[in-house]
C-alpha cells in the first residue's frame with residue numbers, strides 16, 4: 001500500500017512498471033527536433049477520417065494499440081484504462097475506446113492528464129485493482145483551436161506568448177509483474193493554484209505557479225533535492241512558463257536549471273516552425289514522455305527522473321466572463337527498473 005510522505009505526496013511500496021509505451025504525432029511535430037522519437041508520424045492530419053475530432057480519436061486509438069503491442073498484451077488482458085483529452089466531455093478518448101471493451105475511467109486534467117492517468121493507474125494497481133492498466137491521452141491542433149479559440153478559417157493573429165497545440169498522443173501500459181522496464185515509484189497529486197492570470201494566450205504563466213507548488217511539495221515531502229535526479233521534466237509550460245518555474249522554485253531554495261526540460265520547448269524549433277512560446281496540449285508531454293524519455297530510462301541513460309504534466313483548467317465560457325485560469329500539475333517519479 002502506498003506510503004503517504006506528506007499531503008498528496010505518495011511513495012509506492014509495491015512496484016508498478018511501464019511495460020510498454022508508444023507515441024504517435026502529426027506532420028508538424030514530426031518535422032520538429034523530436035521527430036525521430038515517435039513510433040509513427042502521420043502526414044495526413046485527418047488520420048483518414050472525415051472530421052478533426054474523429055482524427056484525434058483515431059490517433060489515440062492507434063497509439064494505445066501500439067503500446068499494447070510493445071508490451072506484449074491485448075485489450076482483453078488489460079484490467080482498466082485511464083484516458084482523457086482536451087475536448088468537451090473527453091469525447092476523443094470516449095470514442096477511441098469504444099472497441100476495446102476495457103473498464104474505463106475518463107479523466108480531465110487538461111494538459112496534466114498524462115501524469116494524472118499514470119499516477120491514478122499506478123496507485124490502483126499497487127492496491128490490487130488488477131495486474132495491468134493503460135494510461136493514454138491525446139490532443140489535436142485543429143480540435144483544440146476550434147474549441148478554445150477561433151475557427152481555423154478565421155486566421156486570427158497569435159501573440160508571442162501563445163503556444164501551439166500539438167497533434168500527438170501518448171500511451172503507457174502499466175504492469176505489476178514486468179520488471180525489465182521503467183518503474184513508477186512515487187506520485188505527487190497537484191493542487192489547484194490560481195494567481196489571477198486571465199490571458200488564455202499565456203497558459204504558461206497560468207500553469208507555472210501550480211508546477212512550482214507541486215515540485216516544492218515533492219522535494220519537501222520526500223526530503224530529496226534536484227541534484228538527486230537525472231531529469232526534471234514538465235509537460236508544456238513553454239518558453240515563458242518554464243522561465244517562471246525556474247524563478248519560482250529558486251525562491252524556495254531549489255535550483256533545477258541543470259536538470260530541467262520542458263516538452264513544449266523540446267517539441268518544436270521555434271525559429272523555423274513559428275510556434276511562438278512552444279508546444280502545448282495533452283499529447284505534447286504524453287508523446288515525448290513515451291517517445292523520448294521512457295526509452296532513455298529503459299536504457300539506463302536516465303536512472304531517476306520526475307515527470308510533471310501541467311494543465312490550465314480553463315473554460316472558454318468562463319474566460320469570456322472575465323474569470324482567471326486555475327492551474328494544476330501532477331507529478332510522477334520514474335526510476336530505472338529496480339533502482
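One residue stands out among those in region 69-89 that are within 20 Å of the chain's Cα centre (by Cα) and outside any helix (DSSP H, G or I): the one that is surrounded by the most Cβ atoms within 10 Å (Cβ to Cβ), which is 85. Taking residue 317, is it out of contact with any strand residue (DSSP E or B) (no Cβ under 6 Å at 6 or more places or on another chain) and either within 25 Å of residue 196 (Cβ to Cβ) or surrounded by 15 or more Cβ atoms within 10 Å (Cβ to Cβ) (or both)? Yes. In this structure, residue 284 does satisfy being surrounded by 24 or more Cβ atoms within 10 Å (Cβ to Cβ) and within 16 Å of residue 241 (Cβ to Cβ).
For region 212-220, check the following and say yes or no: at least one residue is part of a loop (DSSP other than H, G, I, E, B) and not assigned by TED's automatic domain parsing to the domain that holds residue 13.
As a first pass, look at region 212-220 and keep what is part of a loop (DSSP other than H, G, I, E, B): none.
No, region 212-220 contains no residue that is part of a loop (DSSP other than H, G, I, E, B) and not assigned by TED's automatic domain parsing to the domain that holds residue 13.
Between 259, 251, the distinction of being free of Cβ contacts under 8 Å to residues at least 12 places away in the same chain and farther than 15 Å from residue 166 by Cβ belongs to 251 only. Assess whether residue 32 counts as being surrounded by 17 or more Cβ atoms within 10 Å (Cβ to Cβ) and farther than 18 Å from residue 116 by Cα. Yes. For region 50-68, does any single residue satisfy the condition of being buried (at least 18 other Cβ atoms within 10 Å of the Cβ) and assigned to a loop (DSSP other than H, G, I, E, B)? No, every residue in region 50-68 fails to be buried (at least 18 other Cβ atoms within 10 Å of the Cβ) and assigned to a loop (DSSP other than H, G, I, E, B). Of the residues 246, 294, the single one that is more than 22 Å from residue 108 (Cβ to Cβ) and buried (at least 21 other Cβ atoms within 10 Å of the Cβ) is 294.
Restricting 49, 60 to those that are under 14 Å from residue 286 (Cα atoms), modelled with pLDDT of 95 or more and in contact with a helix residue (DSSP H, G or I) (Cβ under 8 Å, 6 or more places away or on another chain) reduces the list to 60.
Applying the criterion of being in a loop (DSSP other than H, G, I, E, B) and modelled with pLDDT of 95 or more to the residues of region 277-323, the residue that is farthest from residue 262 (Cα to Cα) is 300.
Give me a count of the residues in region 153-194 that are over 17 Å from the mean Cα position of the chain (by Cα), part of a loop (DSSP other than H, G, I, E, B) and modelled with pLDDT under 80. Residues meeting the conditions: 8.
The values are calculated or read from the model by the stated rules, or taken from the named source; none is laboratory data. Computed from a predicted structure; not experimentally measured. Methodologically, a virtual Cβ is constructed for each residue, glycine included, from the backbone with ideal geometry; neighbour enumeration extends over all protein chains shown.
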